[in-house]
Each structure stands twice: as C-alpha cells, then as structure tokens.
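J.: Here it is: the structure, laid out below.
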Amino acid sequence: MRGALAEAVGAVDAPDVVVAWSRRGERAVCTGGTAPPPTVPREVSRYEIGSAGKTLTGLMLAVMVGAGRVRWTTPALGLLVPESVPGPAPITLLHLVTHTSGLPRLPADLYPSALRHRATNPYAGYPTRRVLDAFARYRSRRPPGSRWRYSNLGVAVLGHALGAAEGISWEGALEQRVLAPLRRVGAANIGTAPASGADPSRGPVDAVGHGRDGLTPVPPLLMGGFPAAGAVRGDPVSLLRLMELHLRPVGAPDPVTAAALETVRVPVLRHGRHRERTHTVTWFHEEGSRGPVFFHAGATCGQQAFLGFRPGTGTAVVAVCTRRYRLGDAFPSVARGLLDTLP
C-alpha cells in the first residue's frame, strides 16, 4: 500500500504532495514533493481545498434541514431579504446546492478585477454586498431546476443564505453546525480562515502554495464574498477523517449529522448530453466495478485537492499538492485513479 501511495506522490510534479488513504480503520499517509521538506511536516499542515470545500457547505445544508432550520425548498431570497415576496419560481436552497439555479459561474462584473489578480487572489476584491447584489439583479431565461450549470456564485449565495438563517455569517454557521461537531470525532484541523502561525503546537499552520512554475510562492487564498465556494482548508488526516464519516455515518457526533451524512450520499440528479453524469447534493458520483465512487476536486491559485470515498470497499482518499493547476497536470488523474486502483 505504501508503495502505491509513494508512486502516486512521485507522479505529481509539485513542491509538496500528500496522499492519505483509509480502509475500515487502517490508514496510510505518504508525503513528498520537488521542494526540500518544510519545517512543519507536510502531513500536519493545512491545505486549501478550493471547490472541494463546497461539500462542507452542502453537508451544512443537510444538517440544517435535518434540524428543522430550513427546508430544501426554502427560497434563498426570503432568507437574505426577509421582507421580500418570492416569485412564482424562486431559486431555492436545493437549486443552489445542486447547481441548477440558473445563476452564472461568476458575476459578470467580477471579471475585470479578477483578471488583474488571477495569479493571486481573484475573489478578494469582491465583497459580500456585491455577491448579493449580483444575485438580486440576475434574471435567467430558464426556470430554476431546468439545467445544471456549475456556479461559484450560486454556492456563495447559498452560504450567505444559510448564515442568514442562523443570524450569523457563513463562517459562523459552518463552525457551529459542522466543524465544531466534527472536531469531537477526530476531524480536528479544518477551518475557513488563513492561519497566521508557524508552530503547529500553537495552532494551525498553512502550507504555502505555488504558481504554475512550481517555484513562485502564492499568498493565502482570500475569498471575499465567496467563502462558501472555496475558503475551506484542512490537514490531510482531518480531511481523511471527514471522508471516513461519510463511509460510516454511525461514527458521527450526533444523530442529525449522521442523517445528513447519509443524505449527501444519495444521487439526486443527472446531466450531460446523455445524462451520464450523476450528482448528490454535494458529491460527483460515478458507478464502478466495485460500487459507486463519490468525489470532489478543488483548485486555488497555488494549490490543488481531491477528496473521495468508495462505500463498497470502505476506502477513502485525500490528496493535496502545492502547485497551481496547468494544462496536462498529472495531479487530477493520479488522485482520482487512486480510488479505482487502491484496495
């Protein structure tokens, strides 16, 4: 097993690479990279997981539905603007989490500033107010629920709506509903804000990302008004523990979280030219010879991540690296392939 993990690490051209594997209580972690080993061991540093963090926002929604705080069919605008009157076909929380809201990937007025800072922090200059304004003014020609269209804007709006339902921010709601309970069962080092420390005994330490050249350091990711779409960061073992809970929800810290972990494994939609792509409310879903596979990838300006699990074999995989994605990058295929090749 360790040989297979070491081979996967060696196939990825990045300063820092970590691959973590779990199966029914057995774990293995392998680290490496093109850079000298950092002062803080790679396996205990936190990594930006980008869009893979959307799975935590989806889990939070499922928890809040289970707790009776919201419904899947709750109109998002009603949470954000309580005095509003929903139209005949409102965008619901389910539309937002399943990327069927009709909202574009990003607001059109984000692109000018994002392009200027595309190598560092394209979202940092676009605050929550502008995200909500973009949501309020958007008019789709298709009714919500009629088409799958991946949308960072949609998930950002979802995060703000869930925070509004709790009377706090998305970060505060995620901490209260998901992260604090997860810490009680071993997912100890997952957060949403960059860490300022360099000593793991005093708190989280974040890995440093790098540009496409694999040499130029990239500053920590700041998501502006889009935190629910990509602000999560975590160390590989904590993220692996999160995948283990998806495999065995019975280990969840409470019955509501356990039910939510079951819910997010249920396929809810198909799309694609031949409707060949299947999704749950949080995970990409594929059938395989050894049962279905659930996964989500993420990428930021200087890091990449992959989270996945296969219930049929009780297998979970977490892979991270500290180099920005570029055309022909081996990381996505290597990480995804582990779920098929490992026991």
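The values are calculated or read from the model by the stated rules, or taken from the named source; none is laboratory data. The structure presented is a predicted model; accordingly, all values stated were derived computationally and were not measured. Note: ideal-geometry Cβ built from the backbone for every residue, glycine included; neighbour counts use all protein chains shown. Side chains included, ligands, DNA and RNA excluded: accessible areas come from the protein's heavy atoms. Shrake-Rupley method; radii C 1.70, N 1.55, O 1.52, S 1.80 Å.
J.: Please go through the range 104-132 and give me each residue that is over 21 Å from the mean Cα position of the chain (by Cα) and open to solvent by 70 Å² or more (accessible area, probe 1.4 Å), ordered by number.
T.: Correct list: Ala108, Tyr111, Pro112, Leu115, Arg116, His117, Arg129.
J.: Hey, another quick one. For Val131, work out the one condition from (1) at pLDDT below 95; (2) in a helix (DSSP H, G or I); (3) β-branched (Val, Ile, Thr) it doesn't fulfil.
T.: (1)
J.: Can you name the number of the only condition in (1) at pLDDT below 95; (2) open to solvent by less than 60 Å² (accessible area, probe 1.4 Å); (3) hydroxyl-bearing (Ser, Thr, Tyr) that Thr39 fails?
T.: Tallying (1) at pLDDT below 95; (2) open to solvent by less than 60 Å² (accessible area, probe 1.4 Å); (3) hydroxyl-bearing (Ser, Thr, Tyr), Thr39 fails exactly one: (2).
J.: So, in the range 42-61, of the ones that are closer than 13 Å to Gly159 by Cα and of a type in the set (Val, Ile, Thr), which residue ends up surrounded by the fewest Cβ atoms within 10 Å (Cβ to Cβ)?
T.: Ranking the qualifying residues of the range 42-61, first place goes to Thr55.
J.: Also: Among the residues of the range 170-200, what is the count of those that are out of contact with any Lys or Arg (no Cβ under 9 Å at 6 or more places or on another chain), in a loop (DSSP other than H, G, I, E, B), among the small types (Gly, Ala, Ser) and touching a residue at least 40 places away in the same chain (Cβ under 8 Å)?
T.: Looking only at that region, the number is 1.
J.: Oh, and also: Does the range 153-178 hold any residues that are open to solvent by 10 Å² or more (accessible area, probe 1.4 Å) and of a type outside the set (Lys, Arg), and which are they?
T.: His160, Ala164, Ala165, Glu166, Gly167, Ile168, Ser169, Glu171, Gly172, Glu175, Gln176
J.: Determine whether Arg324 is surrounded by fewer than 23 Cβ atoms within 10 Å (Cβ to Cβ), under 18 Å from the mean Cα position of the chain (by Cα) and among the basic types (Lys, Arg).
T.: Answer is yes for this residue.
J.: Within the bounds of the range 264-274, is there any residue that is touching a residue at least 12 places away in the same chain (Cβ under 8 Å) and open to solvent by less than 20 Å² (accessible area, probe 1.4 Å)?
T.: Checking the range 264-274: at least one residue is touching a residue at least 12 places away in the same chain (Cβ under 8 Å) and open to solvent by less than 20 Å² (accessible area, probe 1.4 Å).
J.: Under 9 Å by Cβ, and 6 or more places apart or on different chains, what pairs join a residue from the range 15-26 that is part of a strand (DSSP E or B) with one that is open to solvent by 70 Å² or more (accessible area, probe 1.4 Å) and among the hydrophobic types (A, V, I, L, M, F, W, C)?
T.: Correct list of pairs: Trp21/Met1; Arg23/Met1; Glu26/Met1.
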